[in-house]
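S.K.: Here it is, the structure in full.
The values are calculated or read from the model by the stated rules, or taken from the named source; none is laboratory data. Predicted model, so just to flag it, every value in this text is computed and none were measured. Don't worry about glycine lacking a Cβ; one is built from the backbone with ideal geometry, like all the others, and counts go over all protein chains shown.
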Amino acid sequence: MNKIWLVPIWIVQVFSQSKSFTKNKVIGNVWLNRAGLHVLRLVLSHSVMRARMLLVSYNIAPDIKRAYFRDGFIVIPDFLSQSEFVRLDNEIRHADAEVRECTQGDTLTHRIMLDDNTLPNMPECTATLNRRDFTKLNRFASGSFSRPIAYIQTIKNHYIDGPPDPQKNLHSDTFHPTTKSWFFFDDVSERNGPFTYVPGSHRLTLKRLAWEYRKSISVSNDGDRYSANGSFRITDADAKAMDLAPPKAFAVAANTLVIANTHGFHCRGNASERSSRTELWTISRSNPFSPFPGIDHPLVTRVQNKAVGWWRRHLDKKAENRGAVSSWHIIAARNTVEDTEQHVTDRIEHSDTRTHTEGASLPSGSRTPATAYYSQSRMAR
């Protein structure tokens, strides 16, 4: 009852991209979900997003459009010319920018956000993000004219001791269509954990709706942390009940672009050895109940990126006040590719190696905030 004042906010969030069954007591109300609230949100959001995708698909080739609606993904090999790829690859491997890290199980994920702070020094990244074909494919897949948030990202498998990476379990990101893209700088195989997707699992079949209904009730009562946060995990029995196709591992060559609807079930593939893969990674997630596809304007992109940056710094400060590091914390590295061995050593000396979900504690007696550590390490270069 001490949170009764939040009820109006929770109700408004029902008509937004909010997905957590634990943070929103209306979305996570077991009786409302028994009455069909979650399924209603699914059907309405998918209908609106389908209309938006059709609205912005006027310049998309019919075969690409059909494949995306049918399978949930687009794969384009040799996306850049060889000379363009070499220049872009060289730029990202020699970048010098703020790197953030997230630890999940035994996997490290490193990211550089591509925004006003980094792009002026990265002309090849800027050119790629502004390519007409890249822009129009992301517009169509996301049903939005607004630019996606973009990063250089490196996934580092088996880099630390820890439990299995939870992102290697098949899952759906959220209840509505949402888009991520991967432009790979490395050849991807079983060695370094290929992106894996269940073809057609983004579609709202009757069996999928029945499963979502049952799942919404179970996580409203008690579910695993990721599912309760709105990112539903599936088992082999679930996949069989929904008549899903076998997962497809995207073992692709460098210079391949993959765009996927991550409402469909997907995961990081298991890597056979200590390895990494680097990509130009984007995410687009907007209010799925809004019929308006947004606008493509530099001011909108700037505000969107600044909001993400402000939120990260806010979480850094909160974690620092607890003597911890935030889930996405700054590390002492020039970029996501270099400094791998040294930064892991530094990281063990300066922070706990536990999975950073809500923020891990710093070692006893250490109060060095990540931002200060990062600044000191760069000044020393």
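S.K.: Any chance region 241-257 includes a residue that's crowded, with 20+ Cβ neighbours inside 10 Å, out of contact with any Phe, Trp or Tyr (no Cβ under 6 Å at 6 or more places or on another chain) and polar (S, T, N, Q)?
M.R.: No, the conditions are met nowhere in region 241-257.
S.K.: Given the criteria over 30 Å from V48 (Cβ atoms) and exposed (fewer than 15 other Cβ atoms within 10 Å of the Cβ), does R302 qualify?
M.R.: Details: over 30 Å from V48 (Cβ atoms): no; exposed (fewer than 15 other Cβ atoms within 10 Å of the Cβ): yes.
Spelling it out, it is not the case that R302 is over 30 Å from V48 (Cβ atoms) and exposed (fewer than 15 other Cβ atoms within 10 Å of the Cβ).
S.K.: Having 2 or more residues that are touching a residue at least 12 places away in the same chain (Cβ under 8 Å), closer than 26 Å to V300 by Cα and out of contact with any Leu (no Cβ under 6 Å at 6 or more places or on another chain) is the bar; report the helices (runs of 4 or more DSSP H) wholly within region 53-145 that clear it.
M.R.: Numbers: elements: 62-71, 82-93, 123-129, 132-142.
So the answer is 82-93, 123-129, 132-142.
S.K.: Across region 3-21, what is the total count of residues that are over 20 Å from the mean Cα position of the chain (by Cα) and in a loop (DSSP other than H, G, I, E, B)? Before the answer, list the steps.
M.R.: Within region 3-21, the first condition is being over 20 Å from the mean Cα position of the chain (by Cα), and the residues that meet it are 3-15.
If we keep only those that are in a loop (DSSP other than H, G, I, E, B) too, we end up with 3, 14-15.
Summing the residues that are over 20 Å from the mean Cα position of the chain (by Cα) and in a loop (DSSP other than H, G, I, E, B) in region 3-21 gives 3.
S.K.: Residue check, W310 against (1) out of contact with any Ser or Thr (no Cβ under 8 Å at 6 or more places or on another chain); (2) of a type in the set (F, W, Y); (3) assigned to a loop (DSSP other than H, G, I, E, B), all met but one. Which one?
M.R.: W310 satisfies all of (1) out of contact with any Ser or Thr (no Cβ under 8 Å at 6 or more places or on another chain); (2) of a type in the set (F, W, Y); (3) assigned to a loop (DSSP other than H, G, I, E, B) except (3).
S.K.: Is there a residue being among the acidic types (D, E) and either in contact with a Gly (Cβ under 9 Å, 6 or more places away or on another chain) or over 28 Å from F289 (Cα atoms) (or both) anywhere in region 53-63?
M.R.: Taking region 53-63 as the starting set, the residues that turn out to be among the acidic types (D, E) are 63.
Now restrict to residues that are either in contact with a Gly (Cβ under 9 Å, 6 or more places away or on another chain) or over 28 Å from F289 (Cα atoms) (or both): none.
Checked region 53-63: no residue is among the acidic types (D, E) and either in contact with a Gly (Cβ under 9 Å, 6 or more places away or on another chain) or over 28 Å from F289 (Cα atoms) (or both).
S.K.: Would you mind telling me which numbered condition in (1) surrounded by 19 or more Cβ atoms within 10 Å (Cβ to Cβ); (2) more than 21 Å from S18 (Cβ to Cβ); (3) of a type in the set (A, V, I, L, M, F, W, C) A67 fails?
M.R.: Going through (1) surrounded by 19 or more Cβ atoms within 10 Å (Cβ to Cβ); (2) more than 21 Å from S18 (Cβ to Cβ); (3) of a type in the set (A, V, I, L, M, F, W, C) one by one, A67 breaks only (1).
S.K.: Here's another thing I want to ask about it. Which one is surrounded by the fewest Cβ atoms within 10 Å (Cβ to Cβ), of the residues in region 88-103 that are closer than 17 Å to L280 by Cβ and touching a His at 6+ places or on another chain (Cβ under 8 Å)?
M.R.: It comes out as R100.
S.K.: All but one of (1) in contact (Cβ under 8 Å) with a residue 60 or more places away in the chain; (2) farther than 30 Å from R93 by Cβ; (3) more than 19 Å from the chain's Cα centre (by Cα) hold for P288, so report the exception by its number.
M.R.: With (1) in contact (Cβ under 8 Å) with a residue 60 or more places away in the chain; (2) farther than 30 Å from R93 by Cβ; (3) more than 19 Å from the chain's Cα centre (by Cα) applied to P288, the lone miss is (3).
S.K.: Give just the number: which of (1) surrounded by fewer than 19 Cβ atoms within 10 Å (Cβ to Cβ); (2) aliphatic (A, V, I, L, M); (3) within 16 Å of the chain's Cα centre (by Cα); (4) over 22 Å from Y226 (Cα atoms) does I283 not satisfy?
M.R.: Only one criterion is unmet by I283, namely (4).
S.K.: Please go through (1) at positive phi; (2) modelled with pLDDT of 95 or more for G359 and return the number of the only condition it doesn't satisfy.
M.R.: Unmet for G359, out of (1) at positive phi; (2) modelled with pLDDT of 95 or more: (2).
S.K.: All but one of (1) within 20 Å of the chain's Cα centre (by Cα); (2) within 21 Å of F21 (Cβ to Cβ) hold for K248; which doesn't?
M.R.: The number of the failed condition is (2).
S.K.: Okay, moving on. Got a sec? Which of F73, F15 is among the aromatic types (F, W, Y), modelled with pLDDT of 95 or more, closer than 20 Å to S290 by Cα and out of contact with any Asp or Glu (no Cβ under 8 Å at 6 or more places or on another chain)?
M.R.: Numbers: F73 fails: closer than 20 Å to S290 by Cα.
From the options F73, F15, the qualifying one is F15.
S.K.: If I ask for residues that are more than 27 Å from D186 (Cβ to Cβ), surrounded by fewer than 20 Cβ atoms within 10 Å (Cβ to Cβ) and among the polar types (S, T, N, Q), which ones from region 305-341 would you list?
M.R.: N321
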